[in-house]
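No lab work stands behind these numbers, since they all come straight from the coordinates. The model shown is predicted, which means the values in this text are computed figures rather than measured ones. Here the Cβ positions follow ideal geometry from the backbone for every residue, glycine too, while neighbour counts run over all protein chains shown.
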Amino acid sequence: MKILVCIKQIPDMASKFKPNAAGSWFSEADLAFRMNEYDEYAVEEAVKLREKDPASELAVLSVGPARVVEALKKALAMGCDRAVHVPDEEAYRKDPWQIASIIAGYAKKGNFDIIFTGMQSQDRGSAQIGPLLAGMLGFSCVTTAIGFSLEGRTATAKRELEGGAKGVVKAALPAVITCQLGLNTPRYPTLPNIMKAKKKEIAVLNAAELSSEAALAGTEKFYAPVKKGTGLVLEGGDAAALAGKLIDVLKEKTTVLRG
Amino acid sequence: MNFELTQDQKILRDSVRDFVEKEIKPIAAKIDEEHRIPQELTAKMAEMGFFGSYIPEKYGGAGLDAMSYALLVEEVSKACASNGVYISAHTSLCCDPLLNFGTEEQKLKWLPDLTSGKKIGCILLTESDAGSDVASIATSYKRDGDHFVINGTKMFITNGGCRGTGILFATKDKALGHKGLSAFIVDLSSPGVTVMKEENKMGIRGTSTAAFAFDNLKVPAENLLGEEGKGFKIAMETLNGGRIGIAAQALGIAGGAFGRALEYSKQRKQFGKPLCAFQSVQFKLAEMYARIEQAKLLVYKAAWMKDAHVNYSTESAMCKMCASEAATYVTKEAVQIHGGYGYIADYEVERMFRDAKITEIYEGTNEMQRIVISKALVS
């Protein structure tokens with residue numbers, strides 16, 4: 001069994017985000033980064049599957065700047081066998097189509113039986129990588145898995161549906177599974193495994209050699225929501241006078257009432 | 001010069017932080033109240049490799065560096081100082097002298113049980129009349145065939161009540177002073193070892209601090225650690241490294257208290273404004289943060305020097321002194337920022353305030369640290 005897990009490193013979501021100089025994405029200055037939460041579920045599920053079959057092999061892949069090596073090392077410390085880094089200092093400028101094309105460019109040569117990834121990234125949240133990848137590779141695809149098992153070449157996944165209903169899906173391998181909160185509890189990298197991970201291979205591949213696809217959609221602008229004006233409290237006078245004042249304000253400053 | 005942690009150190013810090021957040025923080029108050037660290041937590045920490053951080057892999061450790069060890073103790077102590085010293089005393093005061101002075105046979109025999117957390121380690125140095133004055137140790141040993149026979153008492157033994165593995169210091173003849181001291185590896189569950197008392201303490205109440213009596217304790221001759229008569233040197237070098245552990249614990253206590261004070265100052269409103277909007281509170285926060293950062297630089301530097309195998313005795317004394325004083329200062333101010341709430345046990349800063357004080361006292365009082373530092377300057 002050959003398993004691939006695709007991860008992204010994202011900023012700590014409790015950070016204060018500021019647009020970059022070009023206004024095209026957030027500025028990375030002063031941000032702390034960590035592995036995308038949904039990708040942690042993907043790594044855990046992949047490692048669990050890997051542990052069941054000693055003959056299997058588990059690779060972890062990430063496209064992004066040098067800092068993403070930290071997330072790859074964490075995945076190695078959680079139990080992945082080897083890592084693939086596709087360096088791209090400006091990966092944020094690539095759209096999901098391009099990122100999925102790069103991963104597919106790598107996965108095509110790898111003969112993977114199953115690919116796990118998060119159901120979406122916590123920062124961009126497009127949720128497109130998994131399905132796009134499955135399409136490009138001609139794999140089955142199950143999204144938002146909250147349960148997973150494998151028997152022979154058939155994967156069974158539990159999915160959470162709108163309104164809390166659950167569904168069970170069976171898919172033939174090869175397959176892409178995108179992982180949702182509730183699937184598992186990711187393990188902590190232990191100290192001995194952090195040490196062992198240091199000896200594992202991190203291959204560096206060239207993005208341009210994996211795919212030369214152009215973007216289908218580009219991010220035009222990144223900005224903080226416009227601050228709303230502060231509220232206004234009308235005080236003093238009787239009810240009729242206050243109501244009169246309110247009508248004046250509504251006519252003057254809003255489109256609720258027209259003069 | 002580079003002040004950045006390595007990627008591996010960051011992964012370790014974040015992993016420990018996540019573990020502490022979920023497994024230790026929720027029960028830190030209970031550990032303090034019940035005066036014990038639950039066995040289940042010890043097992044989980046053992047699985048994480050907390051008991052063998054920088055001990056080489058061939059002895060069952062993780063084989064990481066001293067810097068990683070400092071980060072581990074710091075992160076654990078942010079939530080629970082008892083667990084911080086539990087790990088620190090075990091690693092710095094028991095595993096470390098075994099690693100530095102033990103023979104290959106001794107290391108292979110004793111370290112795997114310690115690094116796996118099966119046995120918790122401690123050092124048996126202090127006696128009622130021999131605290132800072134190590135050369136006054138009165139616990140005696142005598143050679144008897146293939147054994148040593150040990151008699152005497154020890155007190156204030158951190159982790160003593162675990163009755164795991166101990167590094168025990170005893171004298172051949174008290175009149176010889178420090179030249180009479182030797183170190184022995186002792187299984188504290190052996191016959192002849194009695195725990196006389198568990199101390200009831202101001203802080204770090206989750207850890208055991210025990211008094212021991214040794215009544216004709218028979219220790220096999222092969223358990224002599226290092227050369228006979230070199231006990232003083234072993235003790236001093238061990239305490240040297242131990243100071244980084246205690247400094248990291250103090251740094252963690254200070255960081256934990258600061259985090260809670262900062263958060264509280266943003267939430268608590270008085271006179272229509274959050275506390276952090278008042279300059280009197282802002283200045284406190286600025287001073288607290290600056291003192292933590294000062295201490296952190298010294299602690300990390302001392303750990304870095306230990307990893308670089310350069311003499312770090314002055315730095316370890318300075319980092320222990322500064323970090324412990326930062327801890328007592330920061331926890332005191334954290335209580336003050338919490339006002340009346342800071343004085344009650346429902347708010348964690350009350351415990352942290354009590355926990356901080358010991359870091360100025362144990363593993364060499366801060367007065368002893370000043371002696372170490374000034375000796376290096378003027379001698």
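Beta-bridge orientation, chain A: approximately 40 percent antiparallel, per DSSP, counting only bridges with both partners inside.
Pairs with C-alpha atoms separated by more than 27 Å, drawn from the list A:LYS166/A:LYS200; B:LYS30/B:LYS332; B:LYS266/B:LYS301, are A:LYS166/A:LYS200; B:LYS266/B:LYS301. Ellipticity at 222 nm from helices only: DSSP H runs of n ≥ 4 in the protein assembly as shown, each -39500 (n - 2.57), divided by the residue count, give -13500 deg cm²/dmol. Between B:HIS147 and B:ALA175, the contour length at 0.36 nm per residue exceeds the Cα-Cα span by 7.8 nm. Beyond 23 Å in Cα-Cα separation lie the following of the pairs A:LYS227/B:LYS284; A:LYS94/A:LYS221; B:LYS119/B:LYS154; A:LYS2/A:LYS196; B:LYS109/B:LYS172; A:LYS52/A:LYS196: A:LYS227/B:LYS284; B:LYS109/B:LYS172. Note: relative contact order over the range A:2-210, using C-alpha pairs below 8 Å and six or more positions apart, is 26 percent. Of all DSSP bridge pairs formed entirely within the range A:96-200, close to 60 percent run antiparallel. Using the Cβ of B:ALA317 as centre and a radius below 10 Å, the other residues enclosed give a net charge of +3, where K and R count +1 and D and E count -1.
With both labels modelled 7 Å from their Cα along Cα-to-Cβ, the A:LYS200 to B:PHE271 distance reads 5.6 nm.
Relative to the longest principal axis of the C-alpha atoms of chain A, give the angle of the C-alpha long axis of helix A:96-110, reported between 0 and 90° and rounded to the nearest 10°. Long axis of A:96-110 versus the principal axis of chain A: about 10 degrees. Taking the DSSP bridge list for the protein assembly as shown and keeping only pairs wholly inside it, about 60 percent are antiparallel.
For the range B:19-66, the set of chymotrypsin sites (Phe, Trp or Tyr not before Pro) satisfying both a DSSP loop assignment and a count of at most 11 other C-beta atoms within 10 Å is empty. Restricting the range A:99-189 to trypsin sites (Lys or Arg not before Pro) that sit in a DSSP loop and have at most 16 other Cβ atoms within 10 Å of their own Cβ leaves A:ARG153. Pairs over the 21 Å Cα-Cα cut-off, from the set A:LYS74/B:LYS22; A:LYS108/A:LYS158; A:LYS228/A:LYS253: A:LYS108/A:LYS158. Please list, or write none, the aspartates and glutamates whose alpha carbon is within less than 19 Å of the alpha carbon of B:LYS142, excluding same-chain residues fewer than 8 places away. Partners within reach: B:GLU127, B:ASP173, B:ASP187, B:ASP215, B:GLU222, B:GLU227, B:GLU228. Each other residue within a Cβ distance under 12 Å of B:THR42 adds +1 if Lys or Arg and -1 if Asp or Glu, for a net charge of +1. Principal-axis analysis of the Cα atoms of chain B puts helix B:279-307 at an angle of about 30° to the longest axis. Over chain B, with a Gaussian network built from C-alpha contacts below 10 Å, which listed residue (B:LEU108, B:LEU168, B:LEU181) shows the highest mean-square fluctuation? Among B:LEU108, B:LEU168, B:LEU181, the largest GNM mean-square fluctuation belongs to B:LEU108. If only the Cβ of Lys and Arg carry +1 and only the Cβ of Asp and Glu carry -1, the dipole of chain A around its Cα centre is close to 240 debye.
This model, with +1 at the C-beta of Lys and Arg and -1 at the C-beta of Asp and Glu, gives the range B:121-229 a dipole about its Cα centre of some 220 debye. Taking a ≥ b ≥ c as the square roots of the eigenvalues of the Cα gyration tensor, the protein assembly as shown is oblate, since a/c reaches 1.5 or more and a/b is not larger than b/c. Take the Cβ atoms of A:ALA127 and A:THR254, set R0 to 41 Å, and the FRET efficiency comes out at 0.65. Here the dipole of chain B is about 720 debye; that uses its Cα centre as origin and unit charges on the Cβ of Lys and Arg (positive) and Asp and Glu (negative). The residues packed around B:ILE246, meaning those with a beta-carbon under 10 Å from its beta-carbon, carry a net charge of 0 if Lys and Arg are +1 and Asp and Glu are -1.
For A:PHE17 and B:ARG36, the FRET efficiency from 1/(1 + (r/R0)^6), where r spans their Cβ atoms and R0 equals 35 Å, is about 0.20.
Note on B:ASP113, B:ASP173, B:ASP32: ascending count of other Cβ atoms within 10 Å places them as B:ASP173, B:ASP113, B:ASP32, the fewest first.
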